[in-house]
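Novice: Let me give you the structure first, and then I'll get to my questions.
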Amino acid sequence: MRRSRCAVAGPRREPGHPGTPVGPVGPVWLGRPDAPVGGVPVGSGGPVWCGRLGGLVGGVRRPSAGEVRLARAWLSRAVEPGRAAVFDLVSEVGPVEAARRLRAGEAAGSVSVLAEARRREDRAGGDLAAALRMGARLVTPEDAEWPDEALRAMQVAFDRERQERRWDPGAGRDRVELTPPLGLWALGAQRLDEAFARAVSVVGSRSATPYGLHVAADLAHGLAGRGWVVVSGGAFGIDAAAHRGALAAGGPTVAIVAGGLQEPYPRAHESLFGRIARDGLLVSEFPPDATPQRHRFLVRNRLVAGLGAGTVVVEAGLRSGALATARQALRMGRVVMGVPGPVTSGESAGVHELMRLHPETALVTRTTEVIEEVGTIGEDLAERRQAPSEPRDDLDAVSRQVLDGLPAVGVTSPDRIAVTCGVPALEVLRRLPGLELLGLVEATPAGWQLTAAARASRRR
């Protein structure tokens, strides 16, 4: 008999599923390697659960909502996020059975190695309790607020690249895998699916210039004022400017951090993170007390790239992590935008290189241009910029030629104008009254001269 495989880790949920409650859940079930998991003793080889929560399959009790949440909490600590092999295991057998196998060291192939260092630790219940004390929660694919629509592009890219690796095992070996998350720890009142339904990521250099800080804050302020959620990483420089710009507009913003939510990095942004948690969301794949590590920033970047409809790179040096975020967004088919800067600025060199090597990157300079790229086709169009109109714009070619024949200073005669501009004198006499009615020239006893408005226009 073939085993059913309807328990998944990715952004999939049964139609109409109400989601699971957030809060304290059942007993910690991973205390011992031989402890029962979801009613199935470790090592029993019991059937893979499938169907609705709490149901029975083949006489075996389905794991409860609390057990599923505990399993995902355990996985978030036992294995570094973004591991495709673990995601595949959870997709195949469900989170409870996957956690049981990893905890017991029974997972096949190289999957067990990924959890070997931490598989004997069982702090899932404590992590959920710590999150509850600080007002946070673990959001899982079984919950109603799971942002499955926002994560769809990541799931599609993950499946496509996995297929490419089957044909070419060396393809993308050095790239961060675009693995969908197994769960997201969140601090803030807003639902994840609502926050990411209309979101734009704004990223850039930590060592930003005053120009970059101004542009990032201005773009974020404009986006928030038009109902878009600004997503960034909470770091120094462009990230912080984007968060502050959105908050200044009274809009929500989401910071996706590369460590736990108890002490999000950097500590210097404690006040900013407090405002974000109050008015928006702090999000992490890592358990509450996890410390930020360099490799975790690269893994975190895929969420910044994937959870926004588009990514704007304001400033980035040639080695900036913001460029990695932009490249990940391109791999997911997301819209990527770049803000140009001075060609002499090292902080803009990465943005310029991105636009040069990836022509699909859109050049943006203002909020309306960003919204045009990520908004509804045909509706969110940016107004085209136009130079200020001048009276001479409506002149025909001969009249412009006559107008150019007058000196910038002083008066002249129609005959002299004719010689200067190369138009017959009779034609000059015909054109001068019309130019006078437009306020471009005026007649004086000594001859014809430009008006003050015409002289100012000529200087421009």
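Novice: Got a sec? Which of ARG319, ARG331, ARG356, ARG294 is over 30 Å from ALA130 (Cβ atoms), of a type outside the set (Phe, Trp, Tyr) and at pLDDT below 95?
Specialist: After applying the criteria, what remains is ARG319.
Novice: Of the residues VAL343, VAL299, VAL398, VAL283, which single one is crowded, with 22+ Cβ neighbours inside 10 Å and either among the hydrophobic types (A, V, I, L, M, F, W, C) or out of contact with any Ser or Thr (no Cβ under 9 Å at 6 or more places or on another chain) (or both)?
Specialist: Criteria check complete, one pass: VAL283.
Novice: Of all residues being over 30 Å from VAL336 (Cα atoms) and either touching a helix residue (DSSP H, G or I) at 6+ places or on another chain (Cβ under 6 Å) or small (Gly, Ala, Ser) (or both) in the stretch 371-391, which is modelled with the lowest pLDDT? Just the residue, please. Even if it seems obvious, please write down each step before you answer.
Specialist: Restricting attention to the stretch 371-391, the residues satisfying the condition of being over 30 Å from VAL336 (Cα atoms) are 388-391.
Narrowing further to those that are either touching a helix residue (DSSP H, G or I) at 6+ places or on another chain (Cβ under 6 Å) or small (Gly, Ala, Ser) (or both): 389-390.
On the way: SER389: 73, GLU390: 77.
Looking at the filtered set, the residue picked out is SER389.
Novice: Based on this model, can you work out whether LEU323 counts as in contact with a strand residue (DSSP E or B) (Cβ under 6 Å, 6 or more places away or on another chain) and outside any loop (DSSP other than H, G, I, E, B)? Steps first, please.
Specialist: Values: in contact with a strand residue (DSSP E or B) (Cβ under 6 Å, 6 or more places away or on another chain): no; outside any loop (DSSP other than H, G, I, E, B): yes.
Considered against the rule, which asks whether it is in contact with a strand residue (DSSP E or B) (Cβ under 6 Å, 6 or more places away or on another chain) and outside any loop (DSSP other than H, G, I, E, B), LEU323 comes out as no.
Novice: Still on this structure, I have one more. What pairs can you find where one residue is in the stretch 343-372 and closer than 28 Å to GLY227 by Cβ and touching a residue at least 12 places away in the same chain (Cβ under 8 Å), the other is acidic (Asp, Glu) and assigned to a helix (DSSP H, G or I), and their Cβ atoms are less than 9 Å apart, with a gap of 6+ or different chains?
Specialist: ALA362/GLU369; ALA362/GLU372; ALA362/GLU373; LEU363/GLU369; VAL364/GLU372; VAL364/GLU373; ARG366/ASP218; THR367/ASP218
Novice: Related question: Among all residue pairs at least 6 apart or on different chains, which show Cβ distances below 6 Å where the first residue, located in the stretch 117-137, is among the small types (Gly, Ala, Ser) and the second is part of a loop (DSSP other than H, G, I, E, B) and modelled with pLDDT of 95 or more?
Specialist: ALA130/PRO288; ALA131/PRO288; ALA136/LEU261
Novice: For the condition more than 26 Å from LEU128 (Cβ to Cβ), crowded, with 24+ Cβ neighbours inside 10 Å and modelled with pLDDT of 95 or more, what is the one hit in ALA220, ALA249? Please lay out each step first, then the result.
Specialist: Working: ALA249 fails: crowded, with 24+ Cβ neighbours inside 10 Å.
Going through ALA220, ALA249 in turn, the sole match is ALA220.
Novice: Okay, moving on. Collect the residues in the stretch 193-207 that are buried (at least 24 other Cβ atoms within 10 Å of the Cβ) and touching an Asp or Glu at 6+ places or on another chain (Cβ under 7 Å), keeping them in residue-number order.
Specialist: Matches in the stretch 193-207: VAL203, GLY204, SER205.
Novice: Hey, among the residues in the stretch 84-120 that are surrounded by 19 or more Cβ atoms within 10 Å (Cβ to Cβ) and outside any helix (DSSP H, G or I), which one's modelled with the highest pLDDT?
Specialist: GLY94
Novice: Right, something else. Which numbered condition in (1) over 27 Å from ALA246 (Cα atoms); (2) in contact with a Phe, Trp or Tyr (Cβ under 6 Å, 6 or more places away or on another chain) is the only one that GLU142 fails?
Specialist: Condition not satisfied by GLU142: (2).
Novice: Can you tell me which residue is farthest from VAL398 (Cα to Cα) among those in the stretch 409-460 that are polar (S, T, N, Q) and part of a helix (DSSP H, G or I)? Write out each step before concluding.
Specialist: As a first pass, look at the stretch 409-460 and keep what is polar (S, T, N, Q): 412-413, 420, 444, 449, 451, 457.
Going one step further and asking which of them are part of a helix (DSSP H, G or I), we end up with 420, 457.
Values: THR420: 13, SER457: 18 Å.
Selected residue: SER457.
Novice: Further question on the same structure: Test GLY188 against the stated conditions and say whether it is among the small types (Gly, Ala, Ser), in the same structural domain as ALA240 (by TED's automatic domain parsing), modelled with pLDDT of 95 or more and touching a strand residue (DSSP E or B) at 6+ places or on another chain (Cβ under 7 Å).
Specialist: The answer is yes for GLY188.
Novice: For the structure I just gave you, tell me whether LEU323 is surrounded by fewer than 20 Cβ atoms within 10 Å (Cβ to Cβ), out of contact with any Ser or Thr (no Cβ under 6 Å at 6 or more places or on another chain), of a type outside the set (D, E, K, R) and in the same structural domain as ASN301 (by TED's automatic domain parsing).
Specialist: Criteria not met by LEU323.
Novice: Give the residues of the stretch 302-320 that are surrounded by 22 or more Cβ atoms within 10 Å (Cβ to Cβ), more than 8 Å from the chain's Cα centre (by Cα) and not aliphatic (A, V, I, L, M), sorted by residue number.
Specialist: ARG302, GLU315, SER320
Novice: Can you name the residue in the stretch 63-83 that is among the basic types (Lys, Arg) and within 16 Å of ALA124 (Cβ to Cβ) and, of all such residues, is surrounded by the fewest Cβ atoms within 10 Å (Cβ to Cβ)?
Specialist: ARG77
The values are calculated or read from the model by the stated rules, or taken from the named source; none is laboratory data. Since we're looking at a predicted model, the values are computed, not measured. For neighbour counting, all protein chains shown are included, and Cβ atoms are generated from backbone atoms with ideal geometry for every residue, glycine included.
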